[in-house]
Structure formats: structure tokens, C-alpha cells
1. Quick check on my filter: what residues within region C:53-78 are surrounded by 22 or more Cβ atoms within 10 Å (Cβ to Cβ), out of contact with any Leu (no Cβ under 7 Å at 6 or more places or on another chain) and not in a loop (DSSP other than H, G, I, E, B)?
2. Pairs, please: C-beta under 7 Å, at least 6 apart or cross-chain, first residue in a helix (DSSP H, G or I) and in region A:40-60, second polar (S, T, N, Q) and at pLDDT 90 or above?
3. Sort out for me the strands (runs of 3 or more DSSP E) sitting completely within region C:386-491 that have 1 or more residues that are over 27 Å from C:H212 (Cβ atoms), touching an Asp or Glu at 6+ places or on another chain (Cβ under 9 Å) and not basic (K, R).
4. Mind checking which helices (runs of 4 or more DSSP H) fall wholly inside region B:114-198 and carry at least 2 residues that are under 16 Å from the mean Cα position of the chain (by Cα)?
5. Just a yes or no: is a residue in region C:262-269 charged (D, E, K, R) and within 28 Å of B:D144 (Cβ to Cβ)?
6. Within region A:101-193, considering only helices (runs of 4 or more DSSP H) that don't extend past its boundaries, which have at least 3 residues that are more than 14 Å from chain B (Cβ to nearest Cβ) and surrounded by 15 or more Cβ atoms within 10 Å (Cβ to Cβ)?
7. What's the number of the only condition in (1) within 9 Å of another protein chain (Cβ to nearest Cβ); (2) under 30 Å from A:L166 (Cα atoms); (3) among the acidic types (D, E) that B:E134 fails to meet?
8. Give the number of residues within region A:220-238 that are under 14 Å from the mean Cα position of the chain (by Cα) and at pLDDT below 80.
Amino acid sequence: MAFFLETLLGGLMSGMLYSLVALGFVLIYKASGVFNFAQGAMVLFAALSMARFSEWIPQWLGMENLFLANLLAFVVSVAVMFVVAWLIERLVLRHLVNQEGATLLMATLGIAYFLDGVGQTIFGSDIYKIDVGMPKEPVFLLESIFQGGILINKEDFIAAFVSAMLVVALSIFFQKTSTGRALRAVADDHQAAQSIGIPLNRIWVIVWCVAGITALVAGIIWGSKLGAQFSLSTVALRALPVVILGGLTSIPGAIIGGLIIGVGEKLSEVFLGPYVGGGIEIWFAYMLALIFLLFRPQGLFGEKIIDRV
Amino acid sequence: MSGRKIGEVILDLKNITLRFGGVTALEDISFDVREHEVRAIIGPNGAGKSSMLNVINGVYRPQEGDIILRGEHHANMDSYGAAKAGLARTFQNIALFKGMSVLDNIMTGRNLKMKANLLQQAVWFGPAQREELEHREKVEEIIDFLEIQHIRKTPVGRLPYGLQKRVDLARALAMEPQILLLDEPMAGMNVEEKQDMSRFILDVNDQFGTTVVLIEHDMGVVMDISDRVVVLDYGKKIGDGTPDEVRANPDVISAYLGASH
Amino acid sequence: MAVTHTERAATPLDTFPRLLLNHAATRGDRPATREKYLGIWQTWNWSQVAGEVRAIASGLAELGFKRGDNLAIIGDNRPRLYWSMCAAQMLGGVPVPMYQDAVAAEMAFVLTDGEIRFAIVEDQEQVDKLLEIKDQCPSLQHILYDDPRGMRHYTQTYLQGLDEVVAMGRIHDKNQPDFIPSEVALGSAEDVAVMLYTSGTTGKPKGVCLTHGTFIAAATSGVDFDHLTEQEDILSYLPMAWVGDHLFSYAQALVAGFTINCPESGDTVMTDLREIGPTYYFAPPRVFENLLTTVMIRMEDAGALKRNMFHYFMAVAKRCGSDILDAKPNVSTADRLLYALGNVLIYGPLRNVLGMSRIRVAYTAGAAIGPDLFRFYRSIGVNLKQLYGATETCAAVCLQPDREIKFDSVGKPAPGVEVKIADNGEVLVRGKLLLKEYYRRPKDTAEAIDAEGWFHTGDAGFFDDDGHLKIIDRAKDVGKLADGAIFAPNYIENKLKFFQYIKEAVCFGHDRDMVCAFINIDVGAVGNWAERRGLPYSGYTDLAAKSEVLELIRECVEQVNADLSHDVMVAETQVHRFLILHKELDPDDDELTRTRKVRRGFVAEKYQVLIDALYTGKTSQFIETQVKFEDGRSGMVSADLAICEVKTFPVMKKAA
């Protein structure tokens, strides 16, 4: 039982990270109808930026305080992501308004490769360490109930907490602020939004910027576990089944979809693995997504598109 | 209607020609709109009414001609620019934000008037919240004005057609426009709804002094509420004047009787 | 209650203005009136209300309103319209609230009949109506409007905004602070307090004159009966011209000093109800019916789990809910536990949705309520009771005492009221709460109140063994089938109307060999049903003509027949044939009264051709009808109506 719970918790933790990446997809899809293949590249780009700036800033300024360095690096990275968002809008999206979905999709593929390339050119292509000072030591929970308790990583715990806070903040932002309302309006109907004086261009910059910040958070968390390296961009591929499961237009869908896949992967690997020869973790998510595409294409929370007579 | 004074020309359209590829949608059309008046553009289906409205609103840019708004040239404005210039519009097939509540929809109309920046909004308390409340008050007045209190919190997509039209008008009014463009405000309504809508349009014009430009397919209602009427047929202007003048115009009569649209 | 009996003795609180001034003095800070405006509830406390009323009264006096004048009040439930009633009473005048949805011609009748000089109306819509008929009403000299919107360009000198009149009145009141108190001092309990026009199920409306003494007595008896205090909150949303609203929102509010809440608009009542959560509630059965229909529609749309849970716990509630509410001992512990669980899961949330979470007492009256409908509300823990009365008796003749609820009775006579049954079955009433007279109609007054002082209600009923009054129908509506069996159309119609799909039903059968019925479907409920089946439709007429809908209604009627067959008294009157009308019965077409009761005679005459078709065995009938729109214009509706046969059941003897 304790083992089961441990696996479950582990799944939830990694699920939370999938959710974060999926969230980036959903945000951009909601606001601009673009399926953003570059989300993974943005995670990598953000992680690299964070890793290198936290390394460079102490060198440039000659300071030792790790916390301050990380903070500065974070601020600089946010600015970098903002510039990226701005450039994407200026150079790509603006010229593709009202184009076919496929065209936009291709454009994001282009952006993905561009970011991968430029990122590694600027920041280098090694594996870089991100150390934001998260405690690594394990904790034991529920020792009174199970013998030996449940082992979890403090780091995972904090990561999950940070992700959850980010999700809550985003939901409030979307529901309560006037910009959030404008974002939802643009997502619903571009043309109408524009004609009532919502500036489409600025909204897109904001959305991409917000997506960039979620990418940054995901990049930091992931990077501090695995290091900032090229393989991070493939994380996006993990998030793909998550959005299919949760529904492309639903923020809660992205969260729950991420959790389900995270947990599903771990549990199936541990409990089914021995029977089918292991490696389930790699294809489990895609299998689940496939099943959903067949039986519930709008996902768990997505909007069902019904054509009324 | 005695208290309302029709003023100077506020919007002047000169020799507008609009082509889509080889098709000419509007050909050399000129007319003006005076401040505080209700100006109708009528014509059979396919006459180019919607194209005309889209030109005024900056959705289409005419190949030839000029748009002069309060003495300034505006031929190259887009629809965001039009909104900034004080033009609000409604849509023939209702372009509301379906997933959002009526209140949120109307609040989006206040977007241009909102000053709080993103950072203030992120903090929420303070200036952003105060501003939100001020605008909410304005929006509530419009809700009261259009008698849609009962659907304030309802998602727009769940409303019947007639009410959606009213919300569309409410959102446009929330912009406090100088010129209100209405794209077939009464299409698909029953007699009672049409009368309500006519009353609202006249009230808006009367209470706020808003200049109204409206497109209609159905001649009957329009004639009752308009000060002046432009008649289009196949992209050309065939009549312009008071409702009575237009009604007596032989070209107009033949366009409406001859064409069995 | 803050008002003690000794205080009452000191200054006799025997007119409504005195009650108001007393509240202002003794509980000035308590909320008296609330109204939702621009999305926010605004509150006036008793001293503010007293100030407003004085200002209106002074302003009216400036305009020349004097003792004995009648003041028409027309509009939705707006605070200032309620205050205007009291203002008129302060000056010794008589408020005459009128139905706000009445068409111009009906208004002209009342305005002339009531010799009305002053009218206070809500808005432009009502002003337009009055302007239309101004020439026919020579007595009408002043029209004051509450809401100035759209009124800027009206130049008539006899039109004034209430705002101006109030402003004028405030100055007047300040300059002559003794004027109002002296006017109030002149009032007496014997003065007519209000004139309410009967809805006129028969003939032209008559003005019922009720004195301060009468109405205060009726209100006090109700307040004592249900232990109402100044803490109550009620939602005032029923027509101000209806005696029920006048009793609850005006008379009882002033007697007990509780708060009235005016909804934002007629369409927001459901939301406002939820926000206010009244503790005391009054509605005609129709409103309870509509509420239930809305709930049922929502439940049909809900997920399977929710739906099943709802049905399961509703069955539990049906079994034991009302017994628990009446604190009867015969409920098993298992049922009590299930009910408690249901209360958390279903009944509580349901009451909340209905805006009935805080209700201590709810009344229904105005028409017989279907027993099933009544049982539904009681079973979910709403203390719904019935009362019986008429405009002529200030609404309160019989009330159901707490814990003595019978589904098919209207309770026991109120304290101080005598009730007896005439030989022909008609219910007669005597007591303090009777009308003074019909305005300027001594002949009608003499007919209604006989030499011994009994008022003839026109309802047929009888007392059961416990002394509870049971009303079967209008005395003149109760008929006999050709074979002599008793035919009480209302009884059958109510059973039909309990189905959410049926909005209105009219049964025929007097002197006939069988019962046939007209049905109006409920567009909301049937429309929803049709949508779920993918049946497209364009409106009422189209929907009513669908064969699927006919089949749906046939099943409902068949169930009613099965139900009727269980009761020997009415088993003969099962519905054999019916049709669905092509248009909704509408007060604008005179088919319903303003309180939405069917005008049976008128309907029978208007649709004679349909009745003939029902009784001659035809399978369909063409009909064309003129309809009036709200603005007074008219159009035609026509349709080929299918006539449907329904299965009837042999009479069942109850196995007892």
C-alpha cells in the first residue's frame, strides 16, 4: 500500500509538470487558435536562458549570493521571453492573420526549429545546471500509518506547489482582470474583438508572453532535475497527449489531463510493466490519447462542437 | 423627436469603389452622415449594404474613394482604428463571445476606456479594481437601458436570437460611440422584437445623441425610424433622401418590385 | 415585537399612515423597503420611507389632491408606487392599484368607473397608454411618472415627473411641518383605505372598497396566526392590484413592520428570490407550478447520476417529507435518516435554487392548487400552506394552521371569521373583514352581501369532519354530466396542469355525455423535450401541431384518467377526447383574466367550433383566430387541429 501511494505521488508530481507545459499549449490555442508546436522549444529556450544567466550574472557582477543571482536571472529570462513573444508576433503572426490553421501550424514548427537553433547558438549546447536552491533531501510522510512511511522528494513537493500556484494565478487573471476578459474575447471571435477596440496584436504578445512564462517555470523545475539540455524540447511531445486528453480549450483540462497521464504512466510502468515487458512509460500517454481521439475527440473538458439545425 | 438637433456632416464617404478580385461590390458610392441623425442604408440582398458597412468600419479597404470622419481622412483605417475613432458596430450574424456571460461581453466593450496597465491588473486591488467598478456601473446603466437585467450572468450562447441581438447592441453601446453602425439589427426577429429594437435604437439616438447608421433589408421598419435613407442596388446608389422621397423614387420602386429577392 | 399593546392603546394605530409614522418612530433604522437597481440592492429604512411618503403626499397636496380623491397606481412593484399608496391615504384619499399589463381599453373603464383624477404610473409605456385614452376619461387631470426615461419630449402640461412632485413636496413639508400630521389625524378606521378592482371572471370589473379598519384587522389576524415579526423579508413581485399582494406587501408589512423587497424587473424574479431568500412568501399556484417546471427541466438536462439521485430522494420525500414537516410520530427511523441525507444532498440545494432556504411560512391562494404540486413543496421542507379568500374579504377567510395540513383543504376559518355553506353548496362569509361596498354599485353590493350580512363568495365547497373547508370549484362552474355525475372542471384541469408539459387546460362536460378538453402546452418544457429529441420547431403553433407532442400529451391525459378512475366521486369524468390549442390562452385576448384564470364561458363561445368537433367525433378541425399583440395591433393565427382519443379506465373501487 505504501508503495502504491509512493508511486501515485510520484506520478502526480511529474503530472504537474506535464500540466505546466500543456497549459502553454492551451493558452495559445485559446487565444489565437494556433496549435503551438514551439512550446517545447520555448521550454528549452527559457531553461537555457535561466541556466546561463544565473551563471553569467555572478561573473559579470562579481557577487556570490545564489538567491539574488537566481532572482536576477529569472527577471532577465522573463524579459527574454517577452522579447521572444514580441518578435514572434511582429515577425510571424501579424503577417498570417486569418490564414488557415495548417499555415499557422507550419509557422510554429518553424519557430520551434528557429528557437532550438538560436538558443543553442547564444547559450551553448552543453548540459547546464540550474540550481535554484531547492532542497533535495527526501522526506518521509505518514510514518505512523505505514511502516517506514512514504518517501517523497522535497524538491518535487515544492515544484508541485509552485505549479499549482501558477495555475491558480492564471485562472484568476483570466477570469477577473480586464485583460483576461479581452483574452477570452479574442479567443472567441477575433473580428468582433477587434471591432470593439481590443488590439489583437497586443493581446497576442501578452498570450505568448504568458505562455513563455509558464515555459520558463516548467523549464526551471525540469531543468533543476535533469539539467538544461536539448532533450527538454521533447518534453513538449509528452504534453501533446495531455492536451488531447484534457481538451484543447480547457485550462482545468490541461491540469487534470497532466495529472492523469503522470499517474497513469507511473502506475502502469510499475504494476503492468512486469507482465508486458516494461517500457510502458514511453508509450502509455500516446495510447491513452489515441483512445480518446477515437471515442471522445473533444477531450475531457473541451467544448463539444455541435452544429445545431 | 423635437429635442434632437441634426448637426453638421460627421462622416463623409466619397466615391467609394470596392472590388473583390474581378467582382465590383461597390461602385463609386458617395453619401454623407450628419451628426445625431438616423441614417439607413437599404437595398435588396446582395446590393452591397454589408460591404458598405464594412468599408466604414475598416474591415475592407476600398480601392478608390475617401472616407472623411470629422474632417479627417480615414481611408486606411482598420477596424481597431475605427473603434478608437468612435465607431461601434453590431453584426448581422451576431459576433458575440459565446462562451462568456452577458455581463462580460458588455464589459469587453469598455476595453478602450480602461486605463489600468497589466501590472496594476496583476495586483488587482487598487486602481484596477476601482476602474473595474466604475466601468461596471456604466455597463449596469446600459443593462438597465436595454432591459436585460435577467440575463446578466447567462452565457451568451444559451440566449435566444432576439436577446443576443440586444446584447450585441449593448456591447456596442458600452463603447459610448459617436457613430453606431448597425448591421441588420432586426433580421430574423418577430414583430414584437422588431418593435422593441426600433424603440431602443430611437432611444439611444435620442438620449445619448448617438449618430446611427443602420443597414436593413426590410424597408418597412427602417422608413419609420430613419431621418434619411440611402438605397443601394447591385453595388450602385440608386436613391438618397428622406423616407418619403425615397419611397417615391421610381428606381427604388422598380428595384424592390422588379427584383424578387 | 416592539409594538406593545399599551403603546397601541396610547395612539390608536388604526390607519395605515399612523402605522407608518409609528414604525418610523419606533424602528426607524430597520429596513423597510429594498429595491435592486443597477445590479445593487438599495435599502430605505422606516424613517426614510416615512420621509419619502410625506414628500409625495405633500407634493400631491400641492397639485390639489384632497380628501376623497382616488389615485390610480399603475406599474410593476416599485418602492415609490407602494409609497404613493400610503401618501394618498395620508391625505384621506384612496389608492386604486391597477394591473400594469392591462390594455388601454380596460384601463379606460377603471379610470372612468373610479372617477380618478390623479394617476401615478411607472414609466413611459404606461404614460403612452394613458395618453391614448385620456379623451375617454374626462376626470383624469394629472399623470405623474416614476421613471423619467424617454419622457423628455413629452410636453403635455398635465404630465409631471414624480421627482419634481417629490421635490416640491419636500419644500412644502418643510415649510408646513404640521400639515401632514394634521391630515393623518383626520383619518379614521372607517375611511376607505384602498379600492381593488375585481379581476372580473364575470362581467365588468367592480371596485371593491375596503376600509383601514377592515384591512388592518385582516392583516393583524394573519400576522398573529403565523407569528410574523419585523424580521420577515418578503419579495414583492405579484401585481400590486391583486388583493394578495396588497395584503402581504402592504398591509401586513405595515402591521408587522417587516421588509419588502422589489425585484429588479419581472424577468429577474428567480434570481432576486435567491438573493433575498424571503422568510415569508406568497404566490398563486401558477408561480409554484412554473418554479417546479423549471426545476424539472433542469433535472431532465442533468447527468444520469444527479437525475437518479433526484428521483430516488424525491420518492423518499414523497413518502415521509410532509409527515416530518408536520412533526408526526409515524415515520420510521430509516426514513428519517434517508430524509436527513436527502436534505443535505437534494432538498437543501433545491430549496436554495428556488430561493426558499429561509422560508418559514409560504402561502398559496388565488386558485385551487394541485395536490401533487402542493405535496411536492411540503415534502422538500417548505412550509407551504393554503389560504382561501377573495378581494371582497381582504383575501383571508380560511388559513391552514401549522401541523394541520390537508392537501385538499384550505384550512379553518381565520379568527373572527364566520363561514357557512349555503344549500346550493356556495360558501358564505361573515365578519369584520368584509368589503364596505362596491364603488358606486349599491345594487351589486346588496346582491353580494345579504340581509344577514353574509357575503356570497361564488365558490362551491363543504366542511369536512375536522372542520376544514374544501373548495371544489366556482359554484357556477360545477356542473353535471348528462347522466347526473358531478362534473368539477377545475379539479380535472388541475390534475392535467400538474404535468410540466401542460400549461393550461379547459375541460367541458356540463350536460354532455362525456368530458373533453382543450390543452395549452408549456412551450418551455415541451420545447426542451423536443430539442432533446432533435425535433425542430418555430414557435408555439408549430410545436403544438407536432404528432409527437400530441402523443406526449395523450400519455399525460391517460395518466390523469387512471388517477380519476380511483375516486368514485369523479371517476365518470375521465377525459375522452382532447385537442391542443393552436395559440396560448392570453389575457390580451380576454381568454384569461389578469390573474390568469381561464374565462371559461368566453373560451367556450370563442372556440365553439372546436367543442363541436370534439363532441361530433371528427378527427381534425380547421380554425382561424385573431390575436392581439401587446401594442394593441392584431394578427391572425390559423391551424388544422388534430383531435385525439384517450383511453379511459373502468371505475375502481378502493380496496380498503
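The values are calculated or read from the model by the stated rules, or taken from the named source; none is laboratory data. These numbers come from a predicted model, not from an experiment. Ideal geometry is used to build each Cβ from the backbone, glycine not excepted, and the neighbour counts take in all protein chains shown.
1. C:R54, C:A55, C:I56, C:S58, C:G59, C:N70, C:L71, C:I74
2. From region A:40-60, the pairs are A:A46/A:S77; A:S49/A:S77; A:M50/A:S77; A:F53/A:S77.
3. Numbers: elements: C:417-421, C:426-431, C:455-463, C:469-474.
Per the criteria, C:426-431, C:455-463, C:469-474.
4. Values: elements: B:118-123, B:127-145, B:161-174.
Fully inside region B:114-198 and qualifying: B:161-174.
5. Restricting attention to region C:262-269, the residues satisfying the condition of being charged (D, E, K, R) are C:264, C:267.
Retained after the next criterion (residues that are within 28 Å of B:D144 (Cβ to Cβ)): C:264, C:267.
Looking through region C:262-269, at least one residue is charged (D, E, K, R) and within 28 Å of B:D144 (Cβ to Cβ).
6. Numbers: elements: A:101-123, A:154-176, A:178-188.
Where helices (runs of 4 or more DSSP H) fall fully within region A:101-193 and carry at least 3 residues being more than 14 Å from chain B (Cβ to nearest Cβ) and surrounded by 15 or more Cβ atoms within 10 Å (Cβ to Cβ), they are A:101-123, A:154-176.
7. Just one mismatch for B:E134, condition (1).
8. First pass over region A:220-238, keeping only residues under 14 Å from the mean Cα position of the chain (by Cα): A:220-223, A:232-238.
Now narrow it down to the ones that are at pLDDT below 80: A:232-238.
Qualifying residue count, region A:220-238: 7.
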